[in-house]
Structure formats: structure tokens, C-alpha cells
Amino acid sequence: MVYRWKAVGPDPATFTVMGQPVTVIEKPSSVSGVVRFETNRPLTGMGHEIYRSADDVLADRPADLVARTLFEAGGVESVHVNGNVITVSVSGGSSGLKERLEELFIYYREGVEVVMPEGFGD
């Protein structure tokens, strides 16, 4: 599933996401059933975001999109996001979760039309 973010103002330059890939490093935990992912960009401010189920995802902030995507993968029991660290409790392993995170914010995929503003490049 691809999520598109809305502009925060009338100028297209105010989009909150540019569609760039996110680098994700998967790290094991000393706790069984827990995996940690570190990204190359922050997903929250200074606060912690905790999601115990998909029902806890109420908005479309970056941390919300991460949690929603992970719950949709199945086998995820909870998600905690703080800055650039995502901690996930899993029941069936973490296979495929890293790839979902890496592709989450990519907008221009195969088949997506690149729209140029009128007069661009004149």
C-alpha cells in the first residue's frame, strides 16, 4: 500500500515527504520475539509512539504510517517508535518487515506518472 501525504500549504514545495527511500538496518534484540530497526531519518520528534494494535493507529504521521504498514504485514503484536528507532514485538518472525519500511515513503514507483507544474522549465 502506498500512502500519499497532503501538502501543508498551497505551495507544492510544502509537501511533508519527498518520496525518498529510507535506509533501514535490522538489529536483533536480546529479548525473544522483539526486533529493532534503525532508520536514517527521524520518524518522530522527541516523543515515544506506542501502538499495541492496528486500532491504535489514528492519524497519518510518519510513525503512524510505519505502525500501520507493519501491522498490515501480519504477525506484529506491537510497535514502538522513538526518533529513528522502531521496536517491534513479533509472533511469527520479522521476515519482510525491513523491506516494507525501506519502501514505505517511496512515491515515484513504476507506473506513477510524474506531473510537472505548468510552465516548469520555461
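Tabulated data for the structure shown
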{"quantity": "Residue list for the range 71-88, filter: free of Cβ contacts under 8 Å to residues at least 60 places away in the same chain and farther than 17 Å from Val24 by Cα", "calculated": "Phe71, Gly74, Gly75, Val76, Glu77, Ser78"}
{"quantity": "Looking only at the range 45-97, and only at residues there that are out of contact with any strand residue (DSSP E or B) (no Cβ under 6 Å at 6 or more places or on another chain) and of a type in the set (Ser, Thr, Tyr), the one that is nearest to Gly33 (Cα to Cα)", "calculated": "Ser95"}
{"quantity": "Residues satisfying the stated conditions in the range 21-44, i.e. in a loop (DSSP other than H, G, I, E, B), surrounded by fewer than 16 Cβ atoms within 10 Å (Cβ to Cβ) and within 14 Å of the chain's Cα centre (by Cα)", "calculated": "Pro21, Thr23, Asn40, Arg41, Pro42"}
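All of the numbers you see were taken from the coordinates with simple rules; none came from a lab. Everything numeric in this text was worked out from a predicted model, so none of it was measured. Heads up, the Cβs are rebuilt from the backbone with ideal geometry, glycines too, and the neighbour counts pull from every protein chain shown.
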